[in-house]
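Peer 1: The structure under discussion is supplied below as structure tokens; questions concerning it will follow.
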Amino acid sequence: MEPSSDNELSEPLLLSKSSSMQIVSRELEDTLNNTELSYFQRVRTGTWLELKTLFRLAAPAVVVYLLNNVISMSTQIYCGHLGNLELAASSLGNTGIQVFAYGLMLGMGSAVETLCGQAYGAHKYDMLGIYMQRSTILLLATSIPLMIIYIFCKPILLGLGESASIAAAAAIFVYGLIPQIFAYACNFPIQKFLQAQSIVFPSAYISLGALVVHIVLSWVVVYKLGWGLLGAALMLSFSWWLIVVGQFVYILWTPRCRRTWTGFSMKAFSGLWSFLKLSVASAVMLCLETWYYQIIVLLAGLLKNAEIALDALSICMTITGWVFMIAVGFNAAASVRIGNELGAGHPKSAAFAVVVVTSSSFIISVVCAIIVIVLRHDISYVFTEGETVSNAVSDLSPYLAISIVLNGIQPVLSGVAVGCGWQAFVAYVNVGCYYVIGIPVGCLLGFKFDFGAQVTILFSYF
């Protein structure tokens, strides 16, 4: 990373740790190295210590990701009860188009987390606000070409081979998501700014409030006012702006950000080129994964009975999205735990943390997979009233269960790799697994051998 005129740090620092976290870390390493204890005693005590540390890190992040996911999911539920075409359109628009912007914005915004973490650890508190503003400027500039893609989404979808009826309905939904692009541009820098200071629960409360408002107003707009797809999408954009405004008001109000937010500054316009390079690098690994799911949805729209395939795949991917959000929380915790333990010179604690965090996420995903199998005949009725779609989801449930288990492990392993500094390696793995193997094999089995959506969803996670 290149230093700038703002005397930015030239080398990354570990995330700052509280004294209690340091105590736990030393205690864990001492426990694992204590030969006076039996192997079983070391494992039992070490597991308890690591679980306390792990869930203190993961729980707040999981809450925020889940609440934001519920906002999008509730929109699809409302659209699904309008009809199968509306559910397919919202799925294609929300997952096939919107994920493109989400992945890019979240990836670029992740650069703020790195730089703000360095500045906070080095006690350069005023730089956190500068980094947040700088990232917001770049993301707002990126929003303009993304908006053009949204505007011309209908001919793009038609050019990709989507049916005319689904493409037309999806375009109406996507037009209502245009304000959401600019909400992303403001939200992710603010979110990372707060996370760098270990301020997570306020974001969770704000997201919870936005969810309540979103559910109530979406019901009014979609059903009472009859605005349909466009109204549902506009309410989704409005809810994201509620989150942005709520978080920024919190920054202005709370004493916890007095040292890190000193107001708007012209310094935000300096060093934009080096910041852009770091932002693009941060986006590469995440975009390779999130864009892949977008491609999967677009491919589903080319299958036979595209409307039913999209509806079923939308429900399945929404369900796996819940597990994915949990795994992403563990991903963040894993990267912090592994990085901190390695930086502290605790190799045994780092290795032990890998086992505990992976096992924890695996157990949760297995429980979720069992629930899906048990409720396979009923789970789709949350999203739609169509019996045909329900039968399709029921047929997909075994593949969905496998996907849930795999989706509970993969993000955590990525977090472990990030904690070890293996981002480039993960990017190569993603390219190979997703694009060299996953998509070609999925297309071959889905189209050539006519396995349909079952193979699509299965290979989306293999």
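The values are calculated or read from the model by the stated rules, or taken from the named source; none is laboratory data. This one's a predicted model, so the numbers in the text were calculated from it and none came from an experiment. Glycine also receives a Cβ, built like all others from the backbone with ideal geometry; neighbour counts cover every protein chain displayed. Accessible surface is based on the protein model in full, side chains and every heavy atom, while ligands, DNA and RNA are left aside. Shrake-Rupley method; radii C 1.70, N 1.55, O 1.52, S 1.80 Å.
Peer 1: Going by what's in this entry, would Leu229 be described as assigned by the TED database to the domain that holds Tyr175, open to solvent by 50 Å² or more (accessible area, probe 1.4 Å) and modelled with pLDDT of 85 or more?
Peer 2: no
Peer 1: Among the numbered conditions (1) open to solvent by less than 60 Å² (accessible area, probe 1.4 Å); (2) under 26 Å from Leu236 (Cα atoms); (3) at pLDDT below 90; (4) not charged (D, E, K, R), tell me where Tyr125 comes up short.
Peer 2: (2) is the only condition that Tyr125 fails.
Peer 1: For the range 348-400, enumerate the residues that are under 30 Å from Asn34 (Cβ atoms) and open to solvent by 80 Å² or more (accessible area, probe 1.4 Å).
Peer 2: Result: Lys348, Val355, Phe362, Ile363.
Peer 1: Additional query: Just the residues that are open to solvent by 20 Å² or more (accessible area, probe 1.4 Å) and at pLDDT 75 or above, please, taken from the range 403-430.
Peer 2: Val405, Leu406, Ile409, Gln410, Leu413, Val429 - these are the residues of the range 403-430 that are open to solvent by 20 Å² or more (accessible area, probe 1.4 Å) and at pLDDT 75 or above.
Per-residue answers, yes or no, for (1) assigned to a helix (DSSP H, G or I); (2) open to solvent by 10 Å² or more (accessible area, probe 1.4 Å); (3) outside the structural domain of Met73 (by the TED database); (4) modelled with pLDDT of 75 or more:
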{"residue": "Thr262", "(1), (2), (3), (4)": "no, yes, no, yes"}
{"residue": "Ser279", "(1), (2), (3), (4)": "yes, no, yes, no"}
{"residue": "Met285", "(1), (2), (3), (4)": "yes, yes, yes, no"}
{"residue": "Glu289", "(1), (2), (3), (4)": "yes, yes, yes, no"}
{"residue": "Leu299", "(1), (2), (3), (4)": "yes, yes, yes, no"}
{"residue": "Leu313", "(1), (2), (3), (4)": "yes, no, yes, no"}
{"residue": "Trp322", "(1), (2), (3), (4)": "yes, yes, yes, no"}
{"residue": "Ile326", "(1), (2), (3), (4)": "yes, yes, yes, yes"}
{"residue": "Asn331", "(1), (2), (3), (4)": "yes, yes, yes, no"}
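Peer 1: Answer yes or no: is there a residue in the range 179-191 that is of a type outside the set (Val, Ile, Thr), surrounded by fewer than 19 Cβ atoms within 10 Å (Cβ to Cβ) and either more than 17 Å from Ile71 (Cα to Cα) or in the same structural domain as Thr254 (by the TED database) (or both).
Peer 2: We begin by selecting, within the range 179-191, every residue of a type outside the set (Val, Ile, Thr); these are 179-180, 182-189, 191.
From what is left, the residues that are surrounded by fewer than 19 Cβ atoms within 10 Å (Cβ to Cβ) are 179.
Retained after the next criterion (residues that are either more than 17 Å from Ile71 (Cα to Cα) or in the same structural domain as Thr254 (by the TED database) (or both)): 179.
Scanning the range 179-191, I find at least one residue that is of a type outside the set (Val, Ile, Thr), surrounded by fewer than 19 Cβ atoms within 10 Å (Cβ to Cβ) and either more than 17 Å from Ile71 (Cα to Cα) or in the same structural domain as Thr254 (by the TED database) (or both), so the answer is yes.
Peer 1: Which is closer than 19 Å to Met147 by Cβ and over 20 Å from the mean Cα position of the chain (by Cα), of Tyr223, Tyr175?
Peer 2: Checking each option against the conditions leaves just Tyr175.
Peer 1: Would you mind finding the one in Ser38, Ser20, Ser72 that is modelled with pLDDT of 80 or more and surrounded by fewer than 17 Cβ atoms within 10 Å (Cβ to Cβ)?
Peer 2: Ser38
Peer 1: Could you please let me know if Ile149 is aliphatic (A, V, I, L, M) and open to solvent by 10 Å² or more (accessible area, probe 1.4 Å)?
Peer 2: On the way: aliphatic (A, V, I, L, M): yes; open to solvent by 10 Å² or more (accessible area, probe 1.4 Å): yes.
Yes: the conditions hold for Ile149.
Peer 1: Hey, Ala61 hits all of (1) surrounded by 18 or more Cβ atoms within 10 Å (Cβ to Cβ); (2) closer than 23 Å to Phe173 by Cα but one; which does it fall short on?
Peer 2: For Ala61, the exception is condition (2).
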